[in-house]
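So the structure is just underneath, and the comments pick up after that.
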Amino acid sequence: MTIDWKEEAAKRKDDMLADLKTMLRIESVRDEAKGTPEAPLGPGPKEALDKFLEIGQRDGFETLELDGLAGHIEYGDGPETLGMLAHVDVMPAGNGWNTDPFEPVEKDGRLYARGASDDKGPSMAAYYGLKIVKELGLPVSKKVRFILGTDEESQWRGMTHYFEKMPQPDFGFSPDAFFPIINGEKGNVSFVADFAGTNGGKVELVSFEAGLRENMVPRDAEVYLKAQDTKAILSAFDEFVAKNPITGTAYLKEGKVYLHIIGKAAHAQEPRNGQNAATYMATFLQQFDFGGAAANFIKFTADYLHQDSRMKAFGVAYTDEIMGDLTMNSGIYSFEAGKGGQITLNFRFPKGTDEKDIEAGLKKAAQPLDIEVKRSGKLQVPHYVSPEDPLVKTLLNVYQEQTGEPAESKVVGGGTYGRLMERGVAFGAMFPGVPDTMHQANEFMPIDDLVKAAAIYAQSIYELIK
């Protein structure tokens, strides 16, 4: 039986886009301040989970919802289970959008919205791949569970809860990254650097705020200062902005100097793709006379964090031949005079080094500056599936067959749900050469790529479960 997978995906293009736009209109950003027993992570993630499961029920699949945190859409039966792990939560929109981030817009063949590429667009393409297999009535010998989490952009509590209640799939993939395939993911750990709130010197740091999440390069940094010579600061700021790849504004507000730097957001898996507004701000401020913890906050950022995502200044830079570099992203900054400050640092580390080496390097630099360093959140160790695994070979073969392009496996710094399965990989849906706008303003996904991905997913699912 010959199946034209591309034609089958094209037939469903309009329906897929309609369902995707429905999902994109849901502002599924984690907001635990609004959490309830039915929606622990806030109303948005729960609404998105329910809507996706509702779409599955509409199409005749069996579904399961677990305590507002996770759920699955199930198809087929057999002794083994293929897992497809996706997520419905999204990052905060942040600033810099040209359109409403939660009202999807089609323009120049692209679909713009928060979640278009991470991960609602790829998730919908994978779902439609499964839908094609079901609607064609193809014979299958294995079960498929399309599993949806609600907290991938933070602590993975949704998927953690799911696997406390349900068995792990035997093998599978996450449609939450890039084609051709990602068979290795670095480890992931975060640390928080704590500062006192003291000041001193001729310039006082009233407040310093930057960043939305630890796994995003901060686009914006805002600072309030008290100083006698405000004109000197304002003049120096204009000169600094003119010489660096940033923009900014500075003025007096209620007797204080207000500074705002705009850099470029990026995914923390490769901080070099962004321009960290916070580290540029500290680099500018370092020329002035600060004291106390405020001076240490600025010095630590300027000396150790600015344009040093490989931790060379800490003396713990490391590269593995297969998995690449240890990377660092300083994602969240907060300082308030009299109350204290924090910097949240996120690390992606290859095999050969670990969180203990990172912590040792941090503490060595922090000790002279009276900074307390502590680990934060969940530790994830490096994950790797051999290129010789039948799962990897099958997915690469399908990709090559449908695209006509050479395909090799790859290791990245991003973390996907694929690592939750012993034989789990990340597979699509971003194609080579497409700009990566995940975690950035004006996030988009090419519409034709969604259709191409759905066709690849459909054939891949069938080849893995027939």
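Since every read-out is calculated from the coordinates, none of them should be taken as a lab result. What you are looking at is a predicted structure, and each value in this text was computed from that prediction instead of being measured. Quick reminder, even Gly has a Cβ in these numbers, built from the backbone with ideal geometry, and neighbours come from all protein chains shown.
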Name the longest site-free stretch of the chain, where the excluded sites are GluC sites (Glu not before Pro) in a DSSP loop with no more than 15 other beta-carbon atoms within 10 Å. 81-253
Using the scaling law 2.2 N^0.38 Å as the reference, what is the normalised Cα Rg of the chain? 1.03
Testing the spin-label approximation: label points 7 Å from Cα along Cα→Cβ at Gln228 and Asn244. State their distance in nm. 2.6
The helix 447-465 Cα axis meets the longest alpha-carbon principal axis of the chain at an angle in degrees, between 0 and 90 and rounded to 10, of 60
Net charge near Glu164, counting Lys/Arg +1 and Asp/Glu -1 over other residues with Cβ under 12 Å of its Cβ? +1
Projected onto the charge dipole of the chain (unit charges on the beta-carbon of Lys, Arg, Asp and Glu, signs +1, +1, -1, -1), the Cα from Thr283, Gly78, Ile3 with the largest positive-side position is that of Thr283
How far, in degrees from 0 to 90, does helix 43-58 lean away from the longest principal axis of the Cα atoms of the chain, to the nearest 10? 10
May I ask for the distance between the Cα centers of segment 197-265 and segment 347-418, given as a whole number of Å? 34
To the nearest 20 debye, what charge dipole does segment 1-114 have about its Cα centre, counting +1 at the Cβ of each Lys and Arg and -1 at the Cβ of each Asp and Glu? 500
Nearest 10 degrees is fine. How inclined is helix 390-403 to the longest principal axis of the chain, computing both from alpha carbons? 90
Student exercise, segment 189-377 dipole from Lys, Arg, Asp, Glu Cβ charges, in Debye to nearest 20: 120
Spin-label model distance (nm) - Asp14 vs Asn95, 7 Å beyond Cα toward Cβ: 4.2
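State the extension gain, in nm to one decimal, for the chain segment bounded by Leu64 and Thr394, taking 0.36 nm per residue of separation less the distance between their alpha-carbons.
Details: separation 330, 0.36 × 330 = 118.80 nm, distance 2.85 nm.
Between Leu64 and Thr394, full extension yields an extra 116.0 nm.
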What is the extension gain from Glu103 to Gln286, computed as 0.36 nm multiplied by their sequence separation minus the C-alpha to C-alpha distance, in nm to one decimal? 61.8 nm
Quick one: dipole size for the chain, taken about the Cα centre, charges +1 on Lys/Arg Cβ and -1 on Asp/Glu Cβ, in debye to the nearest 20. 740
Over what distance in Å are the Cα centres of segment 132-188 and segment 109-125 separated? 17
